[in-house]
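Read the structure below first, then the notes.
Derivation of every value follows stated rules applied to the coordinates shown; laboratory data play no part. For clarity, every value in this text was computed on a predicted model and none was experimentally measured. In this analysis, Cβ positions are derived from the backbone assuming ideal geometry, glycine residues included, and neighbour counts consider all displayed protein chains.
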Amino acid sequence: KVNAKDSKNTFYYGPFPSGYGAKPILKLLQHETLYENGLLIKNKDYNFWINQFNKIKEILSFKNNNYINELTNKMHQAANNMQFELALFLRDGLTYLKKLKESQIIELSQYKNIDVFAYKTDEKLIFATVLFYRYGILINKVNLTIPLGLSVDESLRVFFEQFYEDKILPDNLIVQEELLNFDLNLSSEYKFISPKIGTNKKVLDLAILNLNDYYEKEHLVIKNQLDKASNMLDSLNKYLNLPKLKNIVVFDNSNINNINPVGVAIVYTNGIKNKSLYRKFNLEALNERSADVEYIKQSISKFFSTTKNTKDYDLVIADGGIQQVNEAKKTLKTLNINIPVIGLVKNEFHKTKALIDLDMNEIHINDLEL
């Protein structure tokens, strides 16, 4: 408890919750305002210290991201100059400042549930951050990488539908203004808002700040994954010679002694797994010797009867040999869907040893990476 009279020369800030870095932030503020070139500042006039005092208040008000951006640049500059101790010190202060900023956003309790969605695109990917607020409390955060399909709006539509398939749809979804311009064709239950001022704008800025951190850490790693995936697609297409291989769906089945058979559809976009389009199906158990062939039929029928993207797939891959490929082709023809089909033949270790190509030839694969 602090007992003191208010004064224009006094600024009270807190309390700091446990784990929110009161000491690191104090050291950072001292470093920023009391020292210059590593030396304690002396012999400055009154106006100088008033400016330093106001600088501290400005930093802790979190009115914008100017200081956080400035500190980030200083951290990178120190690292580039091999001043690793300084870079580490600035990084720790930056981490706690961002965490403290999150704790300031507490006035969202006019709604029970609010989710905040921020995104940015980069080449063949959408990077996204989702913040989950319940009764004004930030309860969770997720960072996501979404393969970019035919278009940004179509990819976002599919993402929202799948993301909230097993989650509570919030009272409001706070998003960037450009997202409101997309024709997402979602149900009226999705309540998108794009604030320009106020607390909602602050939480959107916070989501964007988190998104930029995630992007900075991950985009080069994911770019390398994309490059490898692109090379693998090129290798695969040497056997197929298709005009494009952007969206691929793989059908596989699993069961133990033919009990509780399950079918899965695994979707790849630009060679990267697109988890927002994954499907899992409970299949009707059969005791026939050709049950595995029938399960391919069931999985394909279930998948294409529910997805809205039947025309957008460039290739169907059936896990199996000629029988499975034939059944997949027959099923697609019955559904009036024209998509090329190939098969993957496994060895006794369940590793791919050959593929059934578009002409129903079994081709042994030499490229183990493929």
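Numbers for the structure displayed
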{"item": "Aspartates and glutamates whose Cα lies under 18 Å from that of Lys280, excluding same-chain neighbours fewer than 8 positions away", "result": "Glu161, Glu165, Asp166, Asp252, Asp292, Glu294, Asp319"}
{"item": "Extension gain from Ile259 to Asn282, taking 0.36 nm per residue of separation minus the Cα-Cα distance", "result": "7.2 nm"}
{"item": "For segment 151-295, size of Cβ-based charge dipole, Lys and Arg +1, Asp and Glu -1, in debye", "result": "340 debye"}
{"item": "Mean shadow area of segment 181-258, taken as a quarter of the surface of its Cα convex hull (nm²)", "result": "11.4 nm²"}
{"item": "Net charge dipole size for segment 22-104 [Lys, Arg +1 and Asp, Glu -1 on Cβ; Debye, nearest 20]", "result": "200 debye"}
{"item": "Efficiency of FRET from Cβ geometry, Lys191 and Phe48, R₀ 51 Å, rounded to 0.05", "result": "0.55"}
{"item": "Stretch gain in nm, segment Glu123-Ser305, where the contour uses 0.36 nm per residue and the Cα spacing is subtracted", "result": "62.4 nm"}
{"item": "Karplus-derived HN-Hα couplings along segment 292-306 (A = 6.51, B = -1.76, C = 1.60, θ = phi - 60°), whole Hz, x at Gly and Pro", "result": "4, 5, 5, 5, 4, 4, 4, 5, 5, 4, 5, 5, 7, 7, 10"}
{"item": "Percentage, to the nearest whole number, of Cα pairs in the chain over 37 Å apart", "result": "41 percent"}
{"item": "Restraint check, Lys167/Lys346; Lys244/Lys333; Lys191/Lys297, Cα-Cα greater than 31 Å", "result": "Lys167/Lys346; Lys191/Lys297"}
{"item": "Too-long pairs where the Cα-Cα distance tops 24 Å, listed order kept, from Lys57/Lys217; Lys57/Lys202; Lys246/Lys302; Lys302/Lys353; Lys27/Lys55", "result": "Lys57/Lys217; Lys302/Lys353"}
{"item": "Gaussian network model of the chain, springs between alpha carbon atoms under 10 Å - residue of Val341, Val262, Val316 with greatest fluctuation", "result": "Val262"}
{"item": "Whole-number Å³ per residue for the convex hull built on Cα positions in segment 138-196", "result": "112 Å³"}
{"item": "Dimensionless Rg/Rh of segment 322-370 - Kirkwood Rh, Rg from C-alpha atoms", "result": "1.04"}
{"item": "Additional length obtainable on full extension of the chain from Met360 to Thr95, 0.36 nm per residue less Cα span", "result": "89.7 nm"}
{"item": "Over segment 113-217 - Rg/Rh using Cα atoms and the Kirkwood inverse-distance radius", "result": "0.93"}
{"item": "Using θ = phi - 60° and Karplus 6.51 cos²θ - 1.76 cosθ + 1.60, couplings along segment 212-217 (whole Hz; Gly, Pro as x)", "result": "5, 4, 4, 4, 4, 7"}
{"item": "Electrostatic dipole magnitude of the chain [Cβ: Lys, Arg +1; Asp, Glu -1; Cα centre; debye, to 20]", "result": "1280 debye"}
{"item": "Dimensions (Å) - segment 242-364, Cα atoms, principal axes, largest first", "result": "39, 34, 27"}
{"item": "Unsatisfied cross-links (Cα-Cα over 25 Å) in the set Lys74/Lys99; Lys201/Lys273; Lys98/Lys228", "result": "Lys201/Lys273; Lys98/Lys228"}
{"item": "Shape category assigned to segment 52-96 from the gyration tensor of Cα positions, a/c cut at 1.5", "result": "prolate"}
{"item": "Cβ-derived FRET efficiency at R0 30 Å, Asn140 paired with His31, nearest 0.05", "result": "0.35"}
{"item": "Listed residue (Ile174, Thr306, Tyr46) projecting farthest to the positive dipole end of the chain, Cβ model", "result": "Tyr46"}
{"item": "Cα-Cα separations in segment 22-104 greater than 18 Å, expressed as whole percent", "result": "45 percent"}
{"item": "Gyration tensor verdict on segment 157-226 (Cα atoms; rounded if a/c is under 1.5, prolate if a/b is larger than b/c, oblate otherwise)", "result": "oblate"}
{"item": "Residue among Val152, Val325, Gly21 farthest towards the positive dipole end of the chain, charges placed on Cβ", "result": "Gly21"}
